[in-house]
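Structure first, commentary second.
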Amino acid sequence: MKAHLLLASATFLTVSCATTPKEVSKVNLSPLYQPTWSTPYGAPPFDDIDDKEYRGAFDQGMQRHIEEIEAIATSTEPATFANTIEAMERTGELLSRVGSVFFNLAGTDSNEARQSIRSDYAPKLSQHRDRINLNDELWRRVKAVKESDAAKSLEPDQQKLLTEYYKGFIRAGANLSPDKKKRLTEINAKLATNFAQFGDNIRKENERYVLFVDKKEDLSGLPETVVSAAAATAKRKGQDGKWAFTLVRSSITPFLQYADNRGLRKQIYEAYTTRGQKNDDLDTQKIILETIKLRAERAELLGFKSHAHYNVDKNVAKTPEAVLKLLGQLWDGAVSIAKTEREALNEMLQSELGNSKTLKPWDWWYYAEKVRKAKFDLSEDELKPYFQVDAVREGAFSVASKLFGIRFEEVTEKVPKYHEEVKAFDVKNADGSHVGLLYVDYHPRDGKRGGAWMNAFREQNSLDSEVRPIIVNVGNFPAPSDDKPALLGWDEVNTLFHEFGHALHGLLSQVRYERLAGTNVKWDYVEFPSQLLENWAAEPAVIKEYARHYETNTPISDELIEKIEKASKFNQGFKMTELVGAALLDFHWHQLSVEEANQISDVTAFEKAAVEKIGFIDEIAPRYHSTYFQHIFSGDSYSAGYYVYLWAQVLEADAYRAFEDSGNIFHPDLAKKLRKFVFSAGGSDDEMKLYESFRGQPVSPLPLLEKIGLGTKK
């Protein structure tokens, strides 16, 4: 089913086509209706698509999809893998094409028209998915294929595809009674609306808040690169001569790291951490309470104890208990290290401000930077001039070339782009054959949501012919200013490599079925390839390739590289406490039964109680407070699933250990197996079976514990 990704977090009672025959005739001239585009690489012709065309195209896409599904469901032929499962894979072409363009642009280049369409069509698309998943005739055919003798002789990827469809129907409610199905569709439609509203509220609040600084003395402590970027931001916002700081990470983090003005640090920190809880038009608390109750009710309808049990059941971990065991192993050690870090930071604060002062949450980044400077003679300001964004990107490209024999050629003309800041690259194998098209979109702007991510305008498959992917990497890295290029901090370097790892997972996909292509794997496996790639970013030989001073072109010194390595475990207690704590907060929300969820009336009170029970120290909060925790409240995938970053860290640390033990971080045999069984295999077989085919042994948690300082390397 081509539309499976578009509909993955959505749900169909009935959807009537709102487009009249006359309107259809007119709108069919839109490129959205063309099965292929005559553009280079078949890229979406962005400039030729009018926002007004999306509504009609969505309506027609859903209508066609239902007609295709009905033809399969009502067939009088005995159900087979070919005429049922593979047939479903071929459905939904138009809907998938429209959705892939629209939802990518809604995240990267939104406007009022796109916001309205997204809000209006979230419940409709949710209902559309339910109309398919709750089709009794279709379910009978899928079940017949699964239970047939012929199913036993299917090839591994066919077995996996059949299992995915079969389990997907069950999890979507195919076995429910009619009245429960009706209630399920109502729940799913409302959740889809909530997800869209939550994301829009946070994006709007991010755009609404700006800290304008008009006194130069209030910039004390800030590096020249940060000041220059803030001046450029203010100029773009019509306040030339001032300095502007926003709530995107590339702006707020350096402010918290360097600004001597403690009052302003507190102001911007509180603006960031109180998003969604101001009891105004952008408040998210009512959305959260309704979402939690609906998720608990849905889980109960489907036979699960809680939403956590429902969502983890489809992952590698299988049970909340398995997840909580891992989180528990990490939590105590992380907090212990964080307390030691707190002592050092508090000691420095009191040496500057007096013994009557104590460390506050908005002080942590600032004094951590000071302690790092004192302990390792290393500061972010010293590193940033070496990490120009284009050079770091080329460093990531070089790693991929050495591992997988691919190369990246920038396409500067003719290829359509949705924004002038976007760059496009033709990705090729060593023999010159086309791998895919990669877009990169790295800088913040109005209309783009915060964070960094990978997505696909087109996914790879070879069911009927070879279809190569079109992938996009999106970031919110500091933008260039009038006198300086875009420079990255060390965390941002890792983020770029991380998202590029996701991109490679999509680009190198070589599977038959789109539903199993690229990143379409179990959710606690999807972060494994991306986090694995971060390891190469810190390798001295790799750093020397991409880290050159933007003014002098001088390569980074061995001394600085050594300092980076020595400081690699610095502040790990803080980072791990933030991350594990957020995963535990996620579980506190999603392990609630229906009765427990219905008793909650105050989001902040619930979170406060959860934070106390988890055992946070006062100076560290979860990475995301509930009211802006988009991972878990603007969609279903990461709900009761924020832990996946930690689960995947176990895999990536163990996988990279194989390269370390080989004595060659680009070991050709290991790299060949990594491409075959991880980056190219997608979800074409059981994920842990694929992992062990690469690794040659089961995964071990020891390399991760050693890596973050909670164990000793043997």
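Within the range 622-646, the residues that satisfy the criterion of being over 14 Å from the mean Cα position of the chain (by Cα) and surrounded by 24 or more Cβ atoms within 10 Å (Cβ to Cβ) are 622, 626, 627, 640.
Against the list (1) surrounded by 24 or more Cβ atoms within 10 Å (Cβ to Cβ); (2) at pLDDT 95 or above; (3) among the charged types (D, E, K, R), the condition residue 524 fails is (2). Just to be sure, is residue 445 crowded, with 18+ Cβ neighbours inside 10 Å and of a type in the set (Lys, Arg)? Criteria not met by residue 445.
Residue count for the range 415-430 satisfying the condition of being over 17 Å from residue 397 (Cα atoms) and not hydrophobic (A, V, I, L, M, F, W, C): 6. For residue 331, the criteria (1) assigned to a helix (DSSP H, G or I); (2) touching a strand residue (DSSP E or B) at 6+ places or on another chain (Cβ under 9 Å); (3) not acidic (Asp, Glu) hold in every case but one, which is (2).
Considering each residue of the range 503-524 in turn, at least one proves to be among the small types (Gly, Ala, Ser) and on the phi > 0 side of the Ramachandran plot.
Scanning the range 110-158 for residues that are of a type in the set (A, V, I, L, M, F, W, C) and not in a helix (DSSP H, G or I), we see that the one that is surrounded by the most Cβ atoms within 10 Å (Cβ to Cβ) is 134. Filtering the range 349-374 to residues that are among the hydrophobic types (A, V, I, L, M, F, W, C) and under 18 Å from residue 567 (Cα atoms) leaves 364, 365, 368, 371, 374.
Conditions tested, residue by residue: (1) surrounded by fewer than 17 Cβ atoms within 10 Å (Cβ to Cβ); (2) among the acidic types (Asp, Glu); (3) assigned to a helix (DSSP H, G or I).
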{"residue": "66", "(1), (2), (3)": "no, no, yes"}
{"residue": "70", "(1), (2), (3)": "yes, yes, yes"}
{"residue": "79", "(1), (2), (3)": "no, no, no"}
{"residue": "82", "(1), (2), (3)": "yes, no, yes"}
{"residue": "85", "(1), (2), (3)": "no, no, yes"}
{"residue": "91", "(1), (2), (3)": "no, no, no"}
{"residue": "100", "(1), (2), (3)": "no, no, yes"}
{"residue": "104", "(1), (2), (3)": "no, no, yes"}
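Cβ contacts < 9 Å: first residue closer than 12 Å to residue 118 by Cα and assigned by TED's automatic domain parsing to the domain that holds residue 104, restricted to the range 178-198; second residue of a type in the set (Gly, Ala, Ser) and surrounded by fewer than 20 Cβ atoms within 10 Å (Cβ to Cβ), any location; separation 6+ or different chain. Result? From the range 178-198, no pairs qualify. Selection of the range 654-676 for residues being of a type in the set (A, V, I, L, M, F, W, C), crowded, with 18+ Cβ neighbours inside 10 Å and part of a helix (DSSP H, G or I) yields 655, 659, 670, 671, 674. Can you find even one residue in the range 421-433 that is assigned to a strand (DSSP E or B), within 20 Å of residue 493 (Cβ to Cβ) and within 21 Å of the chain's Cα centre (by Cα)? Scanning the range 421-433 turns up at least one residue that is assigned to a strand (DSSP E or B), within 20 Å of residue 493 (Cβ to Cβ) and within 21 Å of the chain's Cα centre (by Cα).
Looking across the range 434-479, the residues that are at pLDDT 95 or above, touching a strand residue (DSSP E or B) at 6+ places or on another chain (Cβ under 8 Å), in a loop (DSSP other than H, G, I, E, B) and more than 19 Å from residue 394 (Cα to Cα) come down to 459, 460, 468, 469.
Among the residues of the range 549-572, is any over 29 Å from residue 330 (Cα atoms) and under 29 Å from the mean Cα position of the chain (by Cα)? No: zero hits.
The values are calculated or read from the model by the stated rules, or taken from the named source; none is laboratory data. These figures come from a predicted structure and were not determined experimentally. Backbone-built Cβ (ideal geometry, glycine too); neighbour counts: all protein chains shown.
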